[in-house]
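A.B. asks: This is the structure I want to talk about, given as structure tokens.
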Amino acid sequence: MKIVFMGTPDFAVASLDALVQANFDVVAVITAPDKPAGRGQKMNESAVKKYAIEKNIPVLQPEKLKNPEFLEQLKAYQADLQVVVAFRMLPEVVWNMPPKGTINLHGSLLPQYRGAAPINHAIINGEKESGVTTFFLTHEIDTGAIIQSASTPISDEETAGDLHDKLMHIGAELLVKTVTAIEKGDYTEQPQPQNDVLKHAPKIFKDDCKINWNNSSQQIFNLIRGLSPYPTAFTLLNDKTLKIFKAELEDKEPAIVAGGFLTDGKTYLKFATKDGFIKLLDIQYEGKKRMAIEDFLRGMRL
């Protein structure tokens, strides 16, 4: 069975590697075009491209997925199945091309958390469980028939980064299982339920990352975890951005207004919420590198 793989970031590399290690015939990889990055604006290759080159797998990097030249190249690979992990939306002319269809690995237990940022939103909403789902692509985003899924608990301290890494490996295993089932024709398609009360996972913008200290400590703590390490929750301190990567809850009735802070200037900096405190542990102040709170306080007078 010939497979074309589509993906871009590290999350997708684990799945691609799992397919290669399982001896599936990955005939080509489709990934994002190289982009200039960093101060020198050097052209940066995607993680998937770097892996594919290392394994001598042909790489296509179309700017536009409806480009006739790209479509001809894709068709020439005569893939039986296309596999999508952390890529962009595909037009029907692409996902409808292979005889066995196009499957996607999504970082949530569908139908919950359809959208661009399922891992972040699960933690922001205080979920105790997450997972991955394989499904067939169709017209509406993340709504196709489910093939298989796998779940994992979310611990109270877990960040989006922690869950990302966990799901990356669980997802790679599930994908191999799914592709094996498709190759054998040994699977059933389960339509996604339409009557559930759905939680969504839209793309996260900068405004979504700003902390509202009038919220509860638990809500703020979940937001910090759900946006760490990227795109990162932030607040303003002396009119400068203070990013917060790690914090802890302090269940003590605040005697100061929400958004006010207390510090001993050496070991702690904590902000008042509507019902307690958030104690900062790992931060990055505008213009400085990421550091532990003690290091920050040592060089800063508040």
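Values in this text are rule-based calculations from the coordinates and carry no lab data. It should be emphasised that the depicted structure is a prediction, and the values quoted were computed from it without experimental measurement. A quick note on method: Cβ atoms are made from the backbone with ideal geometry, for glycine too, and the neighbour counts reach across all protein chains shown.
A.B. asks: Among DSSP beta bridges lying fully in the chain, give the percent that are antiparallel, nearest 5.
C.D. replies: 65
A.B. asks: Additional query: Loop only per DSSP, at most 16 neighbouring Cβ atoms within 10 Å: give me the trypsin sites (Lys or Arg not before Pro) in the stretch 35-70, ordered by residue number.
C.D. replies: Of the trypsin sites (Lys or Arg not before Pro), the ones in loops of the stretch 35-70 whose Cβ has at most 16 other Cβ atoms within 10 Å are Arg39, Lys55, Lys64, Lys66.
A.B. asks: For the stretch 1-150, just list the percent of Cα-Cα distances falling in each 10 Å bin from zero outward, please.
C.D. replies: The calculated distribution, bin by bin, is 11, 39, 35, 14, 1.
A.B. asks: Around Ser130, which amide H atoms from residues at least 5 apart in sequence, or from another chain, sit under 5 Å from its own amide H, with H modelled in the peptide plane?
C.D. replies: Result for Ser130 returns Thr152, Ile154.
A.B. asks: Using only Cα atoms and rounding to the nearest 10 degrees, what angle (0 to 90) does helix 10-21 make with the longest principal axis of the chain?
C.D. replies: 40
A.B. asks: So what is the calculated 222 nm ellipticity per residue for the chain, using -39500 (n - 2.57) for each DSSP H run with n of 4 or more, over all residues, to the nearest 500 deg cm²/dmol?
C.D. replies: That comes out to -8000 deg cm²/dmol.
A.B. asks: Also: Dividing the alpha-carbon Rg of the chain by 2.2 N^0.38 Å yields what?
C.D. replies: Rg over 2.2 N^0.38 Å, computed on Cα atoms: 1.15.
A.B. asks: Compute the signed sum of charges (Lys and Arg +1, Asp and Glu -1) over the other residues within less than 13 Å, Cβ to Cβ, of Thr8.
C.D. replies: Around Thr8, the charge tally is +1.
A.B. asks: In terms of Cα to Cα distance under 19 Å, which aspartates and glutamates are near enough to Lys288, apart from those fewer than 8 places away along the same chain?
C.D. replies: Asp239
A.B. asks: Provide the percentage of antiparallel DSSP beta bridges, counting only those with both residues in the stretch 11-109; round to the nearest 5.
C.D. replies: 35
A.B. asks: Could you work out how much longer the chain between Thr180 and Gln41 gets when fully extended? Use 0.36 nm per residue separation minus the Cα distance between them, nm to one decimal.
C.D. replies: Length gained, Thr180 through Gln41: 45.9 nm.
A.B. asks: Here's a follow-up. Note the count of lysine pairs whose C-alpha atoms are less than 20 angstrom apart in the stretch 116-257, limited to pairs 8 or more residues apart or on different chains.
C.D. replies: Pairs that pass both the separation and distance tests number 12.
A.B. asks: Among rounded, prolate and oblate, which fits the stretch 105-177 when a ≥ b ≥ c are the square roots of the eigenvalues of its C-alpha gyration tensor, a/c under 1.5 means rounded, and a/b larger than b/c means prolate?
C.D. replies: Verdict is oblate for the stretch 105-177.
A.B. asks: Under 19 Å from a point placed 7 Å out from the Cα of Asn215 along the Cα-to-Cβ direction: which residues of the stretch 263-293 have their backbone N that close?
C.D. replies: Inside the label zone: 270-284.
A.B. asks: Return the sequence-ordered ³J(HN,Hα) values of the stretch 290-297 in whole Hz as given by the Karplus equation 6.51 cos²θ - 1.76 cosθ + 1.60 applied to θ = phi - 60°, using x for Gly and Pro.
C.D. replies: 5, 7, 5, 4, 4, 5, 5, 5
A.B. asks: P(r) of the stretch 250-302 in 5 Å steps, Cα pairs, percent per bin?
C.D. replies: Going out from 0 Å in 5 Å bins, the stretch 250-302 shows 5, 21, 27, 22, 16, 8, 1 percent.
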